[in-house]
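The structure appears right after this line, and notes come after that.
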Protein chains: 2
Amino acid sequence: MRKVTIWFILFVWTSTVFAQKRILMENLGVSQDKDITPIVLEALQQADFKDAILVFPKGTYHFYPEKAIGKYHAVTNHDNSYKYFAFPLIGCTNIEIDGGGSDFIFHGVMTPFLVENSMGIKLKNFSIDWKEPFYLQAEVLESNALEQYVDIAVNPMTKTEFEGNRLGFVTNGLSLPFLGESMVFDPKTNAVAYNAQSYLLNGVASRKTFDQSLGGNNYRIKARFAKTPAPAGLIYIFKGPNRSNRLAPAIHLTNSSNLHLDKLNIYHAGGMGVIAEKSENIHLNEVNVKLREGSGRMVSTTADATHFCNCKGELVIENCLFENMLDDASNIHGTYVKISELVDKHTIRAGVNHIQQFDYNFASSGDKVEFITNETLLPIAPATVKSFKKINDHLFELSFVEELPATLKVNDAVDNVTWYPTTIFRNNVVRNNRARSILISIRNKTVIENNTFSSMMTSILFEGDLNHWYESGAVDDVLIRNNIFYDCVYGGGKGSVIWINPRMKQTLKDQPYEKNIVIEDNEFRTFDNSILSALSVDGLIFRNNKIIESGTYPKLWPGLPVIEVRDGLNTLIQNNSFEGKEKARIVIDENSSRSLKIDKKQKGFVIDKK
Amino acid sequence: MRKVTIWFILFVWTSTVFAQKRILMENLGVSQDKDITPIVLEALQQADFKDAILVFPKGTYHFYPEKAIGKYHAVTNHDNSYKYFAFPLIGCTNIEIDGGGSDFIFHGVMTPFLVENSMGIKLKNFSIDWKEPFYLQAEVLESNALEQYVDIAVNPMTKTEFEGNRLGFVTNGLSLPFLGESMVFDPKTNAVAYNAQSYLLNGVASRKTFDQSLGGNNYRIKARFAKTPAPAGLIYIFKGPNRSNRLAPAIHLTNSSNLHLDKLNIYHAGGMGVIAEKSENIHLNEVNVKLREGSGRMVSTTADATHFCNCKGELVIENCLFENMLDDASNIHGTYVKISELVDKHTIRAGVNHIQQFDYNFASSGDKVEFITNETLLPIAPATVKSFKKINDHLFELSFVEELPATLKVNDAVDNVTWYPTTIFRNNVVRNNRARSILISIRNKTVIENNTFSSMMTSILFEGDLNHWYESGAVDDVLIRNNIFYDCVYGGGKGSVIWINPRMKQTLKDQPYEKNIVIEDNEFRTFDNSILSALSVDGLIFRNNKIIESGTYPKLWPGLPVIEVRDGLNTLIQNNSFEGKEKARIVIDENSSRSLKIDKKQKGFVIDKK
């Protein structure tokens, strides 16, 4: 039996390898001084879009949108637009791009890689960067809290545009008339600044600035800061207004399968590093989203390093470094769509509600879904999709094989449960970024192990909501082990290092939303109190974890308990240890206490049961 | 023979009429208080998109984008975007929309009518208007030329948005952060103000304003005006920045045939009234683009009333009123695309160059084209299209049945000569608008008769260029007769009432660009000198015309001759009369003089031959 298997594997391996033609890009005339975009297209056409390896000689290559394949293109969690693709891997089979260790430099608003309707794609051995960053970076020279202004020196890598009394900027041909969304970094730590949220220009404040040129690249920004302008020495990053700052992700994987990303350095993107949707079997190995040494840039991607929406099969993310993004390292989730009309016994109208989900291909015939109650986010009944017809980018008609459940009503939701992966997230480093390390909202087996995490917000977040992001869904089997959590949640917002926080309007005490989350053998070395906060979870286990107060910063939320469980069922807390100035509080609400098992001899804790 | 024809016509007529099912919209529940958009879709689905008349009972009906059919959509001479359609006449045959005299009111950024891939479509008996106009209208309260500011009272029909020190506005859900493109109207004449171009904020000046709230709806706009701010009492219209002010044309006709528009009042559009491209046989009768009485609005459509790009068959525009648009009454032309690469003996790469032509479907297999020399705009050779493949929205590959001409070079152009109509423009009134009355750039027979024209710029313009609009092409047979031209070219710019002005880099003296333009039996009652200026035309006839100086305004260009011909061949000027304070100068250059025939006894003229 074993012999047969080995022979079979060898057969598949050799047939695959031999089927791929090597196309040497130097024979097509790639060189460092021309636009490589049309040459890539020529190579793909030569291979008839299948069974080929495009091999680049090591070098620095430039890509421009002018001659790139283009189309109107929707990318989930981004801004839809007419986009240009340097590597249009559309309808491809068994294609590998081997960069040979090259640097790929992109110019303008373009999407370097699109993998669409393809199978068996491997991207390896290259870096992605842009000549111009999609943000403005500026050092604080002087800060005046009383008069609410900062004087900044703008890094000349981005061209400013001063009109009226407002500072904007022009980058990659894009004119951004406002500073827009902001973050503050600390050059001493190379990370988001401690308590950075106090220094931001939130919402309309980022449009309503009264600016003044101070000569050269220096400007005075007078505005309503969240609390106070950032002190001298810190670095402001502005990425322009919402709706025009997520136009250029580095790699988009959609409606494809068997995708391997190997040894990539993504130094920048005007959006996410890797955004995957409705795709099956994805493996990221050594895909680093990181700063390029010596670039002087403080930010890598302007949104998440990686993001997976309704993927299925096996998702593996390993041996990666994710640093200095302006959003999460990884967000793995499904999609709740909201019902707007019950058309007939088998048919509803529903839609996506967040503008960055517009034009999303939610379902196909044969997909299994669950109907979800608006108030509790709990499932009503399963069903099978018969047809999915788009009316426009935010509204579609869904019909089902089965009759609709009798209790189903407008504003309830649908969750496409065919499209969830099993996930492994291991041996990764996440650090210095805005927002969370990872978000997990998927029902299948998930293992998070041997990582180190240090993010400005929560490190591992579980949510699910039907009012803001519309990201489903409940987890069922998660193992978090052998990770080290360094200083987290230092940006100023409330949160826990591990935060189980589904956002339903109403929790049913005997029917928790999340299930089976095991957190064991981890080390937490952070400055603030809240390590674990859990709401509405059945089968939470927190054991054999070591918590050591780091003392790096003053505590931001000293009133919070170290561990808190609300509306939990069958919680087990066992054999953890705590080292800190005071005893660590464990707070369990009345509802959770009934089925709680807790080890009372754990070192350094005090238990507060309601 | 005659009997047979009549019987045949009767047969076609009756079979057509009997084939159309009447769908009474009241039976589908239309009423004045709901969104009619999904009901229109239901009616079209009921009819299977063919052989039906949708009959509205007279009323006022409202249409919203939320439930409208949507898609990314390119519209020539507009801004491409994801658009929503209230009447999505896509793939329809033999459909009539009978509004029964109703008012159709649109809300938000949407396109009321799309006729695409359809044949036999009739739209009749309704009006199109928007709840909110796509512009800001403001009366000048005070004007200070020395300090370059105006104080304005903004008409509250548009909501202002004041941020930083810049006035912008929000309309139809669109946030326009700058005042953008401007025009000045005179409420005494209800038309564009005399010498309005002096008062404008051109280009970057419309972004770089320093504004100040004066309380209520009053603002001070401090900026660099073209010459001087408009005096008190005049009306500024601002339509927001270029690239975001042509998103919502009223009626788009594309890739369709046999289209009838009858008795329509288009009171407004955020773009053109009727924009047609690549369509065959179009008839407009009583399609008025006009102000709604009592609305207080000074502007109808924010771009051309009508516009026809590469249409063919018969185009008839008759009995229409076109007033107070922010652009031409009609522009009928083809498209020059510029060659960027000679790929092989049969293949070129070429592209559209103006951003408002992006994603244009320039040609199809079988189309006849002409290659055009860049320098002279003259034809090199004809050819037949074998294939047309888009690379992106501004670049495509064209292959031809024939070999490319030996002299063809990069930057030469291609003109699709299959797609030109014969045109009749008669019994129309054009008045009070910004820009020209009509532009004619088509090779087939064109008759312009029994119209009255009064526009701020040229009334009838012939051009053709390969550097700005890329609108082809040369005319071959134009008859302009029995029209009355009232005050024209009063906006301040240079130009003639009839201006034949192709824009080639180089004119060949023995090969004029334009041919056979006959201007006869017209009456010109305008205040300024220049009635006709002609460049590079063979067979120009100007006869039996009456010119009477109106004295309405001081002359803007008193140095210009009344008639001027340069590089003309076979010009005839005969039996015209002129009444004015001084004699009217006719200036003919040396090259034109050789083959000129001129009647020296014409009343009121003095001839100046070089």
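Any read-out appearing in this document is the output of simple, stated calculations on the displayed coordinates, not a laboratory observation. It should be emphasised that the depicted structure is a prediction, and the values quoted were computed from it without experimental measurement. Every residue, glycine as well, gets a Cβ built from its backbone with ideal geometry; the counts of neighbours run over all protein chains shown.
Just a few scattered comments:
- Axis-nearest residue in chain B [Cβ, rotation onto A], distance in whole Å: B:Tyr72, 2
- Ordering B:Met272, B:Met25, A:Met456, A:Met504 by the number of other Cβ atoms within 10 Å of each residue's own Cβ, fewest first, gives A:Met504, B:Met25, A:Met456, B:Met272.
- Compared with the rule-of-thumb size 2.2 N^0.38 Å for a compact globular protein, chain B has a Cα radius of gyration ratio of 0.99.
- For the pair B:Thr422 and B:Ala381, a Förster radius of 25 Å applied to the C-beta separation gives a FRET efficiency near 0.55, rounded to the nearest 0.05.
- Cα-projected label distance for A:Glu314 with B:Glu147, points at 7 Å along beta-carbon direction, nm: 7.5
- Of the GluC sites (Glu not before Pro) found in the range B:379-488, those that fall in a DSSP loop while having at most 15 other beta-carbon atoms within 10 Å are B:Glu402, B:Glu403.
- Distance from the alpha carbon centroid of the range A:456-504 to that of the range A:138-207 works out to 28 angstrom.
- Extension gain (nm, one decimal) between B:Arg292 and B:His354, 0.36 nm per residue minus Cα-Cα: 19.0 nm
- Averaged over peptide A:174-181, the number of partner chain Cβ atoms lying within 10 Å of each residue's Cβ comes to 2.
- Rg/Rh ratio calculated on Cα atoms of the range B:444-526 (Kirkwood radius): 0.99
- Sites A:Ala226 and B:Lys609 - FRET efficiency at Förster radius 60 Å, r taken between beta-carbons, to 0.05: 0.20
- Cα-Cα pairs of the protein assembly as shown separated by more than 43 Å (percent): 50
- Kirkwood hydrodynamic radius computed over the range A:336-416 comes to 12.3 Å, based on all pairs of distinct alpha carbons.
- Note on A:Tyr553 and A:Val204: the model spin-label points, each 7 Å out from Cα along the C-beta direction, lie 2.9 nm apart.
- Added length on full extension, which subtracts the Cα-Cα distance from 0.36 nm per residue, A:Lys345 to A:Lys597: 86.1 nm
- When both bridge partners sit in chain B, DSSP labels roughly 30% of those beta bridges antiparallel.
- Note on chain A: helix-only mean residue ellipticity at 222 nm, from DSSP H runs of 4+ residues weighted -39500 (n - 2.57) and normalised by residue number, equals -1500 deg cm²/dmol.
- Sparse-neighbour loop sites [chymotrypsin sites (Phe, Trp or Tyr not before Pro); the range A:380-436; at most 10 other C-beta within 10 Å; DSSP]: none
- In this simple spin-label model, placing a label point 7 Å from the Cα along the Cα-to-Cβ direction at both A:Asn242 and B:Leu508 gives a separation of 6.1 nm.
- When B:Ala232 is represented by a point 7 angstrom out along its Cα-to-C-beta vector, the spacings to that point in the other copies are 5.1 nm, nearest first.
- Counting Cβ atoms of other protein chains within 10 Å of each Cβ in A:80-87 and taking the mean gives 3.
- Packing, taken as the mean count of other beta carbons within 10 Å per residue, orders the peptides A:489-502, A:195-208 from highest to lowest as A:489-502, A:195-208.
- In this structure, B:Arg22 and B:Asn482 have a Cβ-Cβ separation that, at R0 = 41 Å, corresponds to a calculated FRET efficiency of about 0.50.
- For chain B, relative contact order (Cα pairs under 8 Å, six or more residues apart, normalised by length) works out to 8 percent.
- For residues of A:70-77, the mean tally of beta carbons on other chains within 10 Å: 3
- Mean shadow area of the range B:136-238 over all directions, Cα convex hull, nm²: 6.0
- In nanometres and ascending order, the distances from the B:Gly203 label point to those of the other copies are 3.9 (point 7 Å from Cα along Cα→Cβ).
- Plainly put, the tip 7 Å out from Cα toward Cβ on A:Val170 is 2.9 nm from that tip on each other copy, the closest given first.
- Filter on A:Lys546/A:Lys610; A:Lys131/A:Lys494; A:Lys509/A:Lys546; A:Lys278/B:Lys278 - keep pairs with C-alpha separation over 27 Å: A:Lys131/A:Lys494; A:Lys509/A:Lys546; A:Lys278/B:Lys278
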